[in-house]
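Student: Quick one: the structure is below, questions incoming.
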C-alpha cells in the first residue's frame, strides 16, 4: 500500500511540474518585416456582459478569534453540505534562512507523514475512510504555508481532529524524512530533463538574481542535509496561532464552528514569531538572451519577459486586461498569431504574477526548431504592438467579457471563495474588493492597457530564455543580442558569448 501511495505522489508531482511549466513560462520576439495575420480568427457568441454580473454581492465573511491569537474567518455557503478549510500560516518560503532555501517546503510536505498521535498510514486511512482531502504546501518563495482540508459537513468534527493534529503535532519521523529526501531528489533530477522547467529556472535567475524568488525548486544541497530536527525547528518557530488564519467556507454557522475550533486549537500555545523582511525585487538588468543547449531537440522552448507589479499596485487591473489581450488564453494575440495563423506551435500564452514583491510578466511557447527565428519575430512584434497601438474596442470588450465571466463562474467554487478571502487578508485589500471586481475590470480603457504595456514591457530590459539545440538556434538568437549558452545543469558552455 505504501509503495502505491508513493508512486501516486510521484506521478502527481510530475503532473504539477508539467502544469507549472505550461502556464508559468514566457517568451518574447523581435519586430518582423510585416505585421502578422489573424485571418480566419472569429470570436463567436459575443453577447454583451449582463449588467447584473457587474453587481456582484458576495456573502460577507464572519470573523472571530481565540485568546491565543488565532483568527477565524467563515464564509457561509449552504448550497451543498460540504466545507473547505485552510490553515494559513503567515510564513512560507520567504522565511527560509538564506542558506537553507526550501526548508518551509520540506516542513509542509512532511506535516502529514506522522504526528505524535498518528502514523502516516493512520492519517491516510482515516482521511480516506471519511472521504476527505488533506494537503499541505509551501512555495519556495511564498508568503505562507497552508494546510487544507475539505469534505462533507457531517464529517467536520472527525476531519477537524485530524486536521488539528497535523497542524499542531507533526513528529517528522526521520524514517519518513529519509523517504521524502529520496523521492524528491529523484524528482529534482527528473525536472532537469523537462525543457520548460529549465526555461523557468533560468528566467527566474535572470529576473531576480539573488532574491529568494530566483528559486523555482529547492536546491539539492538543502534537501540532502534536511533532518527531522530542522523541520521541528521551523514548525515550532512559525506554526503558531498568533501567526495564522483559519479560513472556512461551507455549510456551517459561526455558532456551530467556534466550539469545534476552540476544542481543536484553544490550547495551541502562541509565541513570538520572527518578523520576515521581504526584500524588494532587484532593478532590472539590461536585455539578455540565455540559451540552454539540448542537443538533438526538435523544439525550442521560448520564454521572454520583464519585471512586473506588486499585488497591491494600482496598475493591477490594467495589467490583467493587457495580459488577457496579449496571451491570456486561446483568444489572445500570441495564440492567434503563432498557432492559428503561423502554425508554429500548439499554443502560445502570456501570464503575470504579483506578490508583496514585484512579480514577472512573460510570454512563452514551444515551437519547432526550424521556426525559432519566425517565432522570435512574432513574439517581439506582439510584445511591442501592445504598447505602440491601442487595443481596438471589440478586442478589449471581448477580454473584459472573458475575465468577468470567468470570475462569475469561479464564485460557484468553494475553493475559489476561500482563496479570495485569503488574498484579501494577506494584502489588506478593501472589504468590498471582490464585490467591485467586475466593475474594476469593466472600467479599464484602451489607454490604460497601452500605458501599462509601455511601462512594464520594457524591451530594453527584456530577458529571453531559449531551450533547444544550440547548434541550430545559437546563430538565430545572436541576431537579437548577446547569447549566453548553458548546459542543463546551468553551467556555461562553449567558452563565451555570441553577439549579433
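Student: Residues in segment 368-378: is at least one in contact with a helix residue (DSSP H, G or I) (Cβ under 6 Å, 6 or more places away or on another chain), closer than 22 Å to residue 314 by Cα, surrounded by fewer than 24 Cβ atoms within 10 Å (Cβ to Cβ) and in contact (Cβ under 8 Å) with a residue 40 or more places away in the chain?
Tutor: no
Student: Hey, another quick one. Determine, yes or no, whether residue 403 is within 30 Å of residue 74 (Cβ to Cβ), surrounded by 14 or more Cβ atoms within 10 Å (Cβ to Cβ) and at pLDDT below 95.
Tutor: Details: within 30 Å of residue 74 (Cβ to Cβ): yes; surrounded by 14 or more Cβ atoms within 10 Å (Cβ to Cβ): yes; at pLDDT below 95: no.
No; evaluated as a whole, the condition is false for this residue.
Student: Only one residue in 416, 453, 446, 470 is surrounded by fewer than 22 Cβ atoms within 10 Å (Cβ to Cβ) and in contact (Cβ under 8 Å) with a residue 24 or more places away in the chain, so which one is that?
Tutor: On the way: 416 fails: in contact (Cβ under 8 Å) with a residue 24 or more places away in the chain; 453 fails: surrounded by fewer than 22 Cβ atoms within 10 Å (Cβ to Cβ); 470 fails: surrounded by fewer than 22 Cβ atoms within 10 Å (Cβ to Cβ).
Every option except 446 fails the conditions.
Student: Which numbered condition in (1) under 16 Å from residue 58 (Cβ atoms); (2) surrounded by 15 or more Cβ atoms within 10 Å (Cβ to Cβ); (3) in contact with a strand residue (DSSP E or B) (Cβ under 8 Å, 6 or more places away or on another chain) is the only one that residue 441 fails?
Tutor: Result: residue 441 fails condition (3) only.
Student: May I pose another question? Collect the residues in segment 326-341 that are surrounded by fewer than 20 Cβ atoms within 10 Å (Cβ to Cβ) and either at pLDDT 95 or above or part of a helix (DSSP H, G or I) (or both), keeping them in residue-number order. So that I can check it myself, show each step before the final result.
Tutor: Our first condition is that a residue be surrounded by fewer than 20 Cβ atoms within 10 Å (Cβ to Cβ); within segment 326-341, this holds for 329-331, 339-341.
Passing the criteria: 339, 340, 341.
Student: Residue 355: in contact (Cβ under 8 Å) with a residue 60 or more places away in the chain and touching a strand residue (DSSP E or B) at 6+ places or on another chain (Cβ under 6 Å), yes or no? Break it down stepwise before answering.
Tutor: Numbers: in contact (Cβ under 8 Å) with a residue 60 or more places away in the chain: yes; touching a strand residue (DSSP E or B) at 6+ places or on another chain (Cβ under 6 Å): no.
So residue 355 does not fit the description; no.
Student: Condition first: touching a helix residue (DSSP H, G or I) at 6+ places or on another chain (Cβ under 8 Å) and more than 19 Å from residue 417 (Cβ to Cβ). Can you find one or more residues in segment 143-153 that meet it?
Tutor: Yes, segment 143-153 has at least one match.
The values are calculated or read from the model by the stated rules, or taken from the named source; none is laboratory data. Because the structure is a prediction, the values reported are computed rather than measured. So basically every Cβ, Gly included, is an ideal-geometry build from the backbone, and we count neighbours across all protein chains shown.
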